[in-house]
Amino acid sequence: MKILGIETSCDETAVAIYDGDPATGRGELLAEQVASQIETHARFGGVVPEVASREHLVALPAMVTSILAETELSWNQIDHIAVTSGPGLMGALLVGTSYARAAGLVHNIPVAPVHHMEGHLLAPGLAGLLPEFPFITLLVSGGHTQLVRVDRIGSYRVIGQTLDDAAGECFDKSARLMGLPYPGGPEIAMLAKGGDAKRFKLPRPMLNKDNLDFSFSGLKTAVMYAVKNAGGIDAFDQQMMKDMAAAIEASVSEVLVKKSIRACIREDAPRLVIAGGVAANHTLRHTLFNLAEKKGVEVHLPHPKHCTDNAAMIAYAGFQHLCAGISAPDEWDATPRWPLTA
Ligand code: KG4
Ligand code: ZN
């Protein structure tokens, strides 16, 4: 069964074709394409919603034509369309959902809406099989930092979350304080490679609180004061930039990893998935592997290219719904705010 996945919730236009067998739950990704708008938005320091919608509108039809050509498939060989219907930017979501609906009507293909974060949390399945249920997922993106207990496909319970900024937002805002372009996460990750994480002392917010929640706005403020106390960003040489980047990575990674492992132990579910853009971070991945092994927690990480926004995860989530017998609701629409558990 061939599933066309479409993702346009934010600043990446993405399409993918997944070929799976619902009887076995197995399949393979045939092709995927991602067109990033990052360069367009970087000069504004963040995503401009109107600009994002217009770019999706131009890119999406051509990308679908191109992926069909790449896989040598025609529309009548596509069995199903899975499209991100939320959460995200309203205009951007509407481009994807309207296109999917129109294509579905014209070619007589069923269309199913997919929750963007569900796509992220199932993404490790693209590299093989999903972990055994129940498992814990840490969802860390630009807008989300949540610990989710997954009992089966479609059954998600948020057991911890950020009280203020998301981890990705903390990277992006800290990067901005350091004069780095948007998005800040990859910029900080690149700099941190040659950095000494111990030179600047940054806090580990909420680590010692006996709960599964996070808070990252104070960390960004701590970065601001650390920069100020060292004479301002103009006084920073390249090594200081690297050391500050390493300190930020170390702080975010330690808090995320320790709390995620705590969640696995508390929930008696020693299987952990980390997904979302921040899960592409190598320091986070290393910290996680080291600590999880010591604590007897099994780790499942998507390939870094399937951590950031993509359509392979959307096609795969659509496939998993089919395997689980979850059908699309009779009525659905683009939903910019949509809790995972509703
Ligand atoms: O999942 P995603 O691509 O988009 C959202 O749905 O938000 O996540 C984007 C976020 C941004 O905040 C970006 O700075 C962060 O993920 N990010 C990273 C890395 N790559 C992307 N953060 C840290 N290290 C990375 N390598
Ligand atoms: Zn995302």
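From the backbone phi of the range 233-238, what are the Karplus-calculated ³J(HN,Hα) couplings (6.51 cos²θ - 1.76 cosθ + 1.60, θ = phi - 60°) in whole Hz, Gly and Pro given as x?
5, 5, 8, 7, 8, 4
For the chain, with the dipole built from +1 on Lys and Arg beta-carbon atoms and -1 on Asp and Glu ones, taken about the Cα centre, which of Ile265, Gly154, Asn281 lies farthest toward the positive end?
It is Ile265.
Compute the separation of the alpha-carbon centres of the range 217-244 and the range 80-134 and state it in Å as a whole number.
Taking the Cα centre of each part, the range 217-244 and the range 80-134 sit 40 Å apart.
When ligands, DNA and RNA are left out and all protein chains stay put, how many square angstrom of accessible area per residue does the chain have with a 1.4 Å probe?
Solvent-accessible surface per residue comes out at 43 Å².
Please list, in chain and number order, the residues 5+ apart from Trp338 or on another chain whose amide H is under 5 Å from its amide H, with Hs placed from the backbone.
Amide H neighbours of Trp338, under 5 Å, 5+ apart: none.
Show me, for the range 47-59, the HN-Hα J-couplings you get by feeding each phi into the Karplus relation (A = 6.51, B = -1.76, C = 1.60, θ = phi - 60°), rounded to Hz, glycine and proline as x.
Result, rounded to whole Hz: 7, 9, x, 4, 5, 4, 4, 5, 5, 4, 4, 6, 6.
For the range 132-302, with only Lys/Arg (+1) and Asp/Glu (-1) charged at the beta-carbon, what is the dipole magnitude about the Cα centre, in debye rounded to 20? Provide the component values of the computation, followed by the final result.
On the way: 22 positive and 19 negative charges, 60 e Å.
Magnitude of the dipole: close to 280 debye.
May I ask you to rank Tyr156, Tyr182, Tyr316 by accessible area, largest first, using a 1.4 Å probe over the protein chains only?
The ordering from most to least exposed comes out as Tyr182, Tyr156, Tyr316.
Over the C-alpha atoms of the range 10-123, what are the Rg and the largest Cα-to-Cα span, Dmax, in Å?
Considering the range 10-123 through its Cα atoms, Rg and Dmax are 14.6, 48 Å.
Using +1 on the beta carbon of Lys and Arg, -1 on that of Asp and Glu, and nothing else charged, what's the dipole of the range 83-174 about the Cα centre, debye to 20?
It works out to roughly 280 debye.
Give a quick list of trypsin sites (Lys or Arg not before Pro) in the range 1-96 that DSSP marks as loop, anything other than H, G, I, E or B, with at most 16 other Cβ atoms within 10 Å.
Passing both the DSSP loop test and the Cβ count: Arg43.
Might you report the magnitude of the Cβ-based charge dipole of the chain about its Cα centre, with Lys and Arg at +1 and Asp and Glu at -1, to the nearest 20 debye? Kindly include the intermediate steps, with their values, before the conclusion.
Values: 29 positive and 37 negative charges, 257 e Å.
It comes to approximately 1240 debye.
Can you tell which of Val34, Pro49, Leu73 lies farthest toward the positive end of the dipole of the range 30-75, using +1 and -1 charges on the Cβ of basic and acidic side chains (Lys, Arg; Asp, Glu)?
Pro49
How large is the convex hull of the C-alpha atoms of the chain per residue, in Å³? Display every interim value, and only then the final one.
Values: hull volume 43.1 nm³, N = 342.
Considering the Cα atoms of the chain, their hull volume per residue is 126 Å³.
So for the range 107-162, what percent of the C-alpha to C-alpha distances run longer than 13 Å?
It works out to 63 percent of all Cα pairs.
What does the charge add up to near Gly27, with Lys and Arg as +1, Asp and Glu as -1, over the other residues with Cβ less than 13 Å from its Cβ?
Working: positive: Lys2, Arg26; negative: Asp19, Asp21, Glu28, Asp79.
Once positives and negatives cancel, what remains is -2.
Using modelled amide H (1.01 Å from N, peptide plane; none on Pro or chain starts), what sits under 5 Å from the amide H of Glu298, excluding residues fewer than 5 places away?
Arg271, Leu272
Counting only other residues whose beta carbon sits under 14 Å from that of Asp237, what net charge do I get with K and R as +1, D and E as -1?
-1
For the range 132-302, what is the Kirkwood estimate of the hydrodynamic radius, computed as the reciprocal of the mean inverse distance between distinct Cα atoms, to one decimal in Å?
16.1 Å
What ranking, highest mean first, results for peptides 9-20, 70-81, 328-339 when packing means the other Cβ atoms within 10 Å averaged over each residue?
Packing proxy ranking, top to bottom: 9-20, 70-81, 328-339.
Relative contact order for the chain using alpha-carbon pairs under 8 Å, separation at least 6, rounded to a whole percent?
Reported as a whole number, the value is 25 percent.
Considering only protein heavy atoms and a 1.4 Å probe, what is the carbon-and-sulfur percentage of the accessible area of the range 132-302?
50 percent
The values are calculated or read from the model by the stated rules, or taken from the named source; none is laboratory data. Because the structure is a prediction, the values reported are computed rather than measured. With ideal geometry, Cβ positions are generated from the backbone for all residues, glycine too; neighbour counts draw on all protein chains shown. These accessible areas exclude ligands, DNA and RNA; they are computed on the full protein's heavy atoms, side chains included. Shrake-Rupley method; radii C 1.70, N 1.55, O 1.52, S 1.80 Å.
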